[in-house]
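Asks: Here it is, the structure in full.
The values are calculated or read from the model by the stated rules, or taken from the named source; none is laboratory data. No experiment lies behind these values; they were computed from the predicted model shown. A quick note on method: Cβ atoms are made from the backbone with ideal geometry, for glycine too, and the neighbour counts reach across all protein chains shown. Keep in mind that these areas ignore ligands, DNA and RNA; they rest on the heavy atoms of the full protein, side chains included. Shrake-Rupley method; radii C 1.70, N 1.55, O 1.52, S 1.80 Å.
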Amino acid sequence: MRTKMRLLGFRGAAVKPLNEEAAAELGAELLGEALVFGVGGLCIYLEYLRQAGQSRRREEHLEQTLSDLQQGLERLQRDLDELRAQGHAQGGAGHAQGRAGHAQGSSGH
């Protein structure tokens, strides 16, 4: 009874002694409430851990996706640079041939 009174906020209150049956009933009630609150607290804690784990996995997945996209972008940039280099190399030779052919065509007239 003293424990219950302390939990309710009554510090210095005098408590009359209870008979054995009332004390056992009150003790069982207090134990039951403590058990319910303990299980409830444990459930909340476990749900928090589950949510934190899901959040962490989601974040890792997003980081992996971003990394894959960055690598793909870098690969595409390299391919574009190679194609541009090939285009300049082929374009320069093609322009030279075109000019030579144009010069021959105009001298034949």
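Asks: Report, by residue number, each residue of region 1-50 that is open to solvent by 80 Å² or more (accessible area, probe 1.4 Å) and of a type in the set (Lys, Arg).
Replies: ARG2, ARG6, ARG11, LYS16, ARG50
Asks: Then there's this: Any residue in region 34-49 that's in contact (Cβ under 8 Å) with a residue 40 or more places away in the chain: show its pairings with residues that are open to solvent by less than 80 Å² (accessible area, probe 1.4 Å) and aromatic (Phe, Trp, Tyr) at Cβ separation under 6 Å, as long as the two are six or more apart or on different chains.
Replies: none
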